[in-house]
Amino acid sequence: MARIVKGALLQANWTGDKESMIQKHEEYVHNAAKQGAQFMLFQELFYGPYFCQVQDKQYYSYTELIPDGPTTKRMQSLAKETGMVLVVPMYEEDSQTSGIYYNTAAVIDADGKYLGKYRKTHIPNVNGFWEKFYFRPGNLGYPVFDTAVGKVGVYICYDRHFPEGARALGLNGAEIVLIPSATSRGLSEHLWRIEQVSHAVANGYYVGTINRVGIEPLGENDFYGQSYFVDPRGQFVGEVGDAHNEELLVRSLDLDLIQEVRQTWQWYRDRRPDAYEDLVRP
């Protein structure tokens with residue numbers, strides 16, 4: 001029997017405040033569930049604006065503990081209510097050390113159980129993406145979570161420019177890698193349909209990736225949307241999301257294709273880690 005799972009991605013406009021942004025996502029989760037979705041990814045830092053376009057300590061107020069903060073608890077209840085796996089990117093406050101913050105995604109199973117989190121590993125610090133002002137680099141490695149829909153890994157935005165972590169997720173058993181982003185127009189728009197597609201092909205897994213849409217108050221350029229799922233052959237699953245408008249994408253993924261592709265292209269068998277030592281030298 002084929003392993004078909006249905007996934008959802010939401011590329012959303014900023015509403016203007018945290019509570020209405022959370023409510024919007026809750027409504028879309030129910031909408032996705034009605035369409036048969038079994039898992040859903042939210043966009044990077046989903047309940048806030050993309051505040052990294054400026055350096056302002058007022059945005060530290062968006063931090064929450066994970067999993068003990070209110071939004072994680074709320075999403076656990078939502079996952080249980082809808083029977084969906086939820087991957088929820090938030091601004092995390094370290095539970096041990098005050099003033100230490102991470103760009104993090106919580107992974108919640110379909111029964112509402114908190115499975116763990118991924119912290120963004122690669123942190124940019126360039127004009128319009130002043131992320132080192134807000135985040136410490138992740139320190140949890142590249143976990144893969146055994147969910148109700150399969151083995152799920154997470155990579156976040158700027159991470160996608162680095163193939164090493166994408167490969168680590170494959171080696172750790174990922175079948176689906178979810179990549180939430182907040183990326184405005186510029187050089188990266190050209191790369192948007194290349195990098196994540198390349199990760200899917202090079203590692204033989206599905207990728208689901210989101211980019212925001214619209215112009216937010218803190219920036220001059222708009223986010224270019226175009227969210228999508230891509231299969232292990234590098235083919236888009238259905239249409240790519242709109243470049244300007246808010247959109248919920250629900251797509252069916254045939255997980256049996258992973259084994260078929262990996263038995264055709266033996267990337268893992270033919271790797272030569274003994275020959276790659278120079279790649280990890282500073």
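What to note about this one:
- Taking region 43-86 and a reference point 7 angstrom along Cα→Cβ of Lys34, the backbone N atoms nearer than 20 Å belong to 78-86.
- Each Lys and Arg adds +1 at its Cβ and each Asp and Glu adds -1 at its Cβ; summed about the Cα centre, region 138-282 shows a dipole of about 400 debye.
- Charges were assigned to the Cβ only: +1 to each Lys and Arg, -1 to each Asp and Glu. The resulting dipole of region 38-139 about its Cα centre is roughly 120 debye.
- Extended-chain gain in nm, criterion 0.36 nm per residue less alpha-carbon gap, Glu277 and Phe162: 39.7 nm
- For region 188-232, convex hull volume per residue from C-alpha positions, Å³: 62
- For region 44-187, dividing the convex hull volume of the Cα atoms by the residue count gives 108 Å³ per residue.
- Net dipole in debye of the chain [+1 Lys, Arg Cβ; -1 Asp, Glu Cβ; about Cα centre; nearest 20]: 500
- Scattering profile of region 142-282 at q = 0.18, 0.22 Å⁻¹ [log10 I(q)/I(0), Debye over alpha-carbon scatterers]: -1.04, -1.38
- Asn172-Asp270 FRET efficiency (beta carbon distance; Förster radius 22 Å; 0.05 resolution): 0.70
- Where labels lie 7 Å past Cα in the beta-carbon direction, separation of Leu187 and Leu218 in nm: 2.2
- Three-way shape label, region 13-121, alpha-carbon gyration tensor, a/c 1.5: oblate
- Between the listed residues Tyr50, Leu187, Phe145, the Cα displaced farthest toward the positive end of the dipole of region 4-280, a dipole computed from Cβ unit charges relative to the Cα centre, is found at Phe145.
- Using just its DSSP H runs of length 4 or more, each adding -39500 (n - 2.57), the chain gives a mean residue ellipticity at 222 nm of -7500 deg cm²/dmol after division by all residues.
- As a ratio to 2.2 N^0.38 Å, the alpha-carbon radius of gyration computed for region 4-280 takes the value 0.94.
Where a number appears in this text, it was derived from the coordinates with a stated rule and is not lab data. Remember, it's a predicted structure, so these values are computed and weren't measured experimentally. Heads up, the Cβs are rebuilt from the backbone with ideal geometry, glycines too, and the neighbour counts pull from every protein chain shown.
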